[in-house]
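Worksheet: one structure, shown below.
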Amino acid sequence: MKKLINKVENIVEEMVYGIVASAPNKLAKVEDYNVIYSKTFDKSNVALISGGGSGHEPAHAGYVGNGMLTAAVAGPIFTSPTPDMVQAAINACDSSKGTLLIIKNYTGDVMNFQMAAEMAKVENKNVDFVVVADDVALINNKASTGMRGIAGTVLVHKVTGAKAQSGASLEEVKAVAEKAIKNVGTYGLALDACTVPAIGHKGFTLGDNEIEMGLGIHGEPGVKKTQMQPVDTLVTEMVEAIISHLQIKSGDKVSILTNGLGSTPIMELYIANRKVHEILKSKNISVVTNYVGNYMTAIDMPGMSISLMKLDSELEQLMKSPCDTLAFKQ
């Protein structure tokens, strides 16, 4: 294993310091915790906090700033942050209008973020939460946890952040978040596994011409292994599954997120993105915004995901609103 690191146990902390050092006028780190928060946050607005295990960069710290998140909690690689870390983020924001936690649907994340919310309520803080479950590959999954939260979470950050910055109440911000979650779907594929530094080898094995469809962002199994095919064939399967799940129809408007998982060249993402547009155009579905790049990765995994968010007039306006973060500017 060759990685540009020092000690494995210091990876997350050193990364957090590096992120803050890149934007010292905008970002700060909570003392004793791997929590990044916005120094320019207006505390008269609702605070938005997200996070989870590290290894998905730029998610989530890359989205801290005006128009998106107020703070991000960086747990160990592929491991949920503890409740006291989330509580430290809540305390750092300390909004007079309250705090909304945006949680990806993983057992540890849900449990620990919700526990932090309960701890904050004991201290008379106004804290609520939503859970993102956008992985349409698992729509028929019988597991109690249901669909996973993956790259569509970034689009939820975008519209919810715009709503919070407008001065809306906690109840109004939560309502927009829930609407966004209901209208976003994501499908991913992997060409190979990623290497977790603490383990030192790939998390699973694929044959030379084999790929995994519908995998999770931690390398969890997908819905099937299949032979490598032209990207147009793969993208068609992915997009059709999302359209079916969200019941997107002719005349609807959407936002697209064509997302790399860490090791896929941007060139290949643009080739895939071209096919997404071709499919939507053939169905008379309009594209309002389109983002292509590495937004929610799985360390060094080669692969991609496609997210669509179906937009009504409110979500369209919020999606087009300006924002200024390290990894997302508009």
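The values are calculated or read from the model by the stated rules, or taken from the named source; none is laboratory data. What you are looking at is a predicted structure, and each value in this text was computed from that prediction instead of being measured. Here Cβ is always computed from backbone atoms with ideal geometry, including for glycine, and neighbour counts include all displayed protein chains. Areas reflect the complete protein model, heavy atoms only, side chains present, ligands, DNA and RNA absent. Shrake-Rupley method; radii C 1.70, N 1.55, O 1.52, S 1.80 Å.
Taking GluC sites (Glu not before Pro) as candidate sites, keep only those in a DSSP loop with at most 10 other Cβ atoms within 10 Å, then name the longest stretch of the chain containing none of them. Display every interim value, and only then the final one.
Details: sites that count: 31, 123.
Longest stretch, sites excluded: 124-330.
Counted over the stretch 191-330, the DSSP beta bridges are approximately 65% antiparallel.
Sorting the segments 38-45, 1-8, 182-189 by their mean number of nearby beta carbons within 10 angstrom, highest to lowest, gives 182-189, 38-45, 1-8. For the stretch 190-317, the solvent-accessible area works out to 43 Å² per residue, with a probe of 1.4 Å and every protein chain left in place. Averaging the sequence gap over all C-alpha pairs within less than 8 Å and six or more residues apart, then dividing by the number of residues, gives the stretch 227-309 a relative contact order of 44 percent. Straight Cα distances below 22 angstrom link residue 2 to the lysines 202, with same-chain residues fewer than 8 positions distant left out.
Computed from the mean reciprocal separation of all distinct C-alpha pairs, what Kirkwood hydrodynamic radius does the stretch 188-230 have, in Å? If you can, show how the numbers build up before the last one.
Numbers: mean 1/r = 0.0941 Å⁻¹.
Result for the stretch 188-230, one decimal place: 10.6 Å.
Note on residue 249: aspartates and glutamates with a C-alpha under 14 Å away, same-chain residues under 8 apart excluded, are 240, 312. The amide H of residue 210, built 1.01 Å from its N in the peptide plane, has 228 as neighbours under 5 Å, considering only residues 5 or more places off or on other chains. Computed from backbone phi, the HN-Hα couplings of the stretch 88-102 come to 4, 5, 4, 5, 5, 7, 6, 6, 6, 9, x, 10, 10, 8, 9 Hz, rounded to whole numbers (Karplus: 6.51 cos²θ - 1.76 cosθ + 1.60, θ = phi - 60°; Gly and Pro given as x). Once you've got the Cα coordinates, tell me which of 163/253; 182/253; 97/310; 125/182 are over 21 Å apart. Flagged as over cut-off: 97/310; 125/182. Spatially, the stretch 145-202 and the stretch 1-70 are offset by 16 Å when compared through their Cα centroids. In this structure the amide hydrogen of residue 297, modeled in the peptide plane, comes within under 5 Å of the amide hydrogens of 57, 59, none closer than 5 places in sequence on its chain.
By DSSP, the beta bridges lying fully in the chain are antiparallel in about 55 percent of cases. Amide H contacts of residue 132 (H built 1.01 Å from N, in plane; Pro and chain starts excluded): 103, 104, 105 sit under 5 Å, all sequence-distant by 5 or more or on other chains.
Relative contact order of the stretch 145-186: what whole-number percent is it, with Cα pairs under 8 angstrom and at least 6 residues apart? Kindly include the intermediate steps, with their values, before the conclusion.
On the way: 23 pairs, mean separation 21.6, N = 42.
Result for the stretch 145-186 is 51 percent.
Under a model in which nothing but the beta-carbon of Lys, Arg (+1) and Asp, Glu (-1) is charged, the chain shows a dipole of about 540 debye around its Cα centre.
Taken along the Cα-to-beta-carbon direction at a fixed 7 Å, the label points for residue 25 and residue 123 span 3.1 nm.
For the chain, just run the numbers: alpha carbon Rg, then divide by 2.2 N^0.38 Å, N being how many residues it has.
Values: Rg = 18.8 Å, N = 330, 2.2 N^0.38 = 19.9 Å.
Compared with the compact-globule rule of thumb, the chain sits at 0.94.
Under the definition of Cα pairs under 8 Å and six or more residues apart, what whole-number percent is the relative contact order of the chain?
Values: 774 pairs, mean separation 59.5, N = 330.
Value for the chain: 18 percent.
When both bridge partners sit in the stretch 12-170, DSSP labels roughly 25% of those beta bridges antiparallel. Evaluated over the Cα positions of the stretch 204-330, the convex hull gives a direction-averaged projected area, one quarter of its surface, of 8.2 nm².
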